[in-house]
Amino acid sequence: MAFDGLMKGKRGLIMGVANQHSIAWGIAQALHEAGAELAFTYQGDVFKKRVVPLVEPLNPALVLDCDVTDAASLDATFKAIEEKWGSIDFVVHAIAFSDKDELKGRYVDTTPGNFALSMNISCYSFTAVAQRAEKLMTDGGSLVTLSYYGAEKVMPHYNVMGVAKAALEASVRYLAEDLGKKAIRVNSISAGPIKTLAASGVGDFRYILKWNEYNSPLRRTVTTQEVGNSALFLLSDLGKAVTGENLHVDAGYHAIGMKNPEAPDMSIAKSGE
Ligand SMILES: NC(=O)c1ccc[n+]([C@@H]2O[C@H](COP(=O)([O-])OP(=O)(O)OC[C@H]3O[C@@H](n4cnc5c(N)ncnc54)[C@H](O)[C@@H]3O)[C@@H](O)[C@H]2O)c1
């Protein structure tokens, strides 16, 4: 699907590409095809090796190391963007983390250390990014982050990440109010489950994928390209009147209240059918 020229003249930062399976990569491809000029951040040397060659064909203006737990690293990222472009039109925040050991079992057993870490990386970092982006969005702008339905309803194993995503979705609304006066829009995409590096940390993830495939109205899961096209809507002028929104890109799963009677038994799905 091509939206030639939709993003022509727009420049933005993509945070959160780890590899070709990343949701941020699907978003980057959609933006590139629509004519946007892109900068990227990756998390440390481990990801550098994979991310730098991956993004190369999109002719990135900058590819920077940025750890969102480090304020100096965030400052350096936005300083480099200011020096390169002077201003910025959009930022994509596709970053989350929690200790794998706490993405199984009971939420009630969450430790204070991992609660704080998960909240910092998966929620606060979006506000930290917005603080810095605001200064460079001199002609308005659009910020998009990624959430999941586990923010709204209990999902197996999602635990502290569900709490962090609920806080993230609330921050989207507060940021939308604060920044709206400057024509800066702030939205989240609640994506259906997709097999990525981050998702592999969630217990029984294959089962979650199958459940969504059997029970979503479209009877399938979603792709990173489809999330990318929805992000394109929010980041472009097509979404100019949309802010404070949580857009579900989940094949309709959020609209469903009960198992599809025709869906196979869960134990069959769990064994990998
Ligand atoms: N995959 C899914 O099923 C799904 C569904 C809904 C929402 N999401 C969300 O989408 C976003 C992207 O995840 P993904 O599934 O594409 O997985 P991914 O593993 O490809 O991306 C996660 C990214 O977070 C980055 N990250 C983690 N800690 C960081 C830190 N301290 N500093 C900088 N970067 C850091 C990683 O480097 C990685 O690039 C996340 O917010 C995730 O919660 C994923």
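No lab work stands behind these numbers, since they all come straight from the coordinates. Given the structure is predicted, the values throughout are model-derived calculations rather than measurements. A quick note on method: Cβ atoms are made from the backbone with ideal geometry, for glycine too, and the neighbour counts reach across all protein chains shown.
Restricting to the stretch 181-214, name every residue that is more than 13 Å from the ligand (Cβ to nearest atom), of a type outside the set (A, V, I, L, M, F, W, C) and touching a strand residue (DSSP E or B) at 6+ places or on another chain (Cβ under 8 Å).
182, 185, 187
Rundown of residues vs (1) over 20 Å from residue 136 (Cβ atoms); (2) of a type in the set (S, T, N, Q), yes/no style:
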| position | (1), (2) |
| --- | --- |
| 41 | no, yes |
| 46 | yes, no |
| 57 | yes, no |
| 69 | yes, yes |
| 73 | no, yes |
| 88 | no, no |
| 92 | no, no |
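When you check residue 172 against the structure, is it surrounded by 19 or more Cβ atoms within 10 Å (Cβ to Cβ), within 21 Å of residue 31 (Cβ to Cβ), in contact (Cβ under 8 Å) with a residue 60 or more places away in the chain and within 12 Å of the ligand (Cβ to nearest atom), yes or no?
no
Give me a count of the residues in the stretch 51-95 that are within 15 Å of the ligand (Cβ to nearest atom), surrounded by fewer than 17 Cβ atoms within 10 Å (Cβ to Cβ) and of a type in the set (S, T, N, Q).
Summing the residues that are within 15 Å of the ligand (Cβ to nearest atom), surrounded by fewer than 17 Cβ atoms within 10 Å (Cβ to Cβ) and of a type in the set (S, T, N, Q) in the stretch 51-95 gives 2.
Taking the options 182, 165, 195, name whichever one is crowded, with 18+ Cβ neighbours inside 10 Å and among the basic types (Lys, Arg).
Going through 182, 165, 195 in turn, just one is crowded, with 18+ Cβ neighbours inside 10 Å and among the basic types (Lys, Arg): 165.
Inspect the stretch 17-29 for any residue being of a type outside the set (Asp, Glu), under 19 Å from the mean Cα position of the chain (by Cα), more than 10 Å from the ligand (Cβ to nearest atom) and closer than 20 Å to residue 195 by Cβ and give the result as yes or no.
Yes.
Of the numbered conditions (1) under 26 Å from residue 20 (Cα atoms); (2) more than 10 Å from the ligand (Cβ to nearest atom), residue 98 fails exactly one; give the number of that condition.
For residue 98, the exception is condition (2).
What are the pairs with Cβ atoms under 7 angstrom where one residue, in the stretch 25-47, is more than 21 Å from residue 80 (Cα to Cα) and of a type outside the set (S, T, N, Q) and the other, located anywhere, is assigned to a strand (DSSP E or B) and within 11 Å of the ligand (Cβ to nearest atom)? Sequence gap at least six, or different chains.
Sorted first by the residue in the stretch 25-47, then by its partner, the pairs are 27/14; 27/92.
Which of the residues belonging to the stretch 199-235 are buried (at least 17 other Cβ atoms within 10 Å of the Cβ), in contact (Cβ under 8 Å) with a residue 60 or more places away in the chain and part of a loop (DSSP other than H, G, I, E, B)?
202
Can you tell me how many residues in the stretch 4-16 are of a type in the set (A, V, I, L, M) and either over 19 Å from the mean Cα position of the chain (by Cα) or more than 15 Å from the ligand (Cβ to nearest atom) (or both)?
Of the residues in the stretch 4-16, 2 are of a type in the set (A, V, I, L, M) and either over 19 Å from the mean Cα position of the chain (by Cα) or more than 15 Å from the ligand (Cβ to nearest atom) (or both).
Please work out which residue is surrounded by the fewest Cβ atoms within 10 Å (Cβ to Cβ), limiting yourself to the stretch 143-153 and to residues that are of a type outside the set (Gly, Ala, Ser) and in contact (Cβ under 8 Å) with a residue 40 or more places away in the chain.
152
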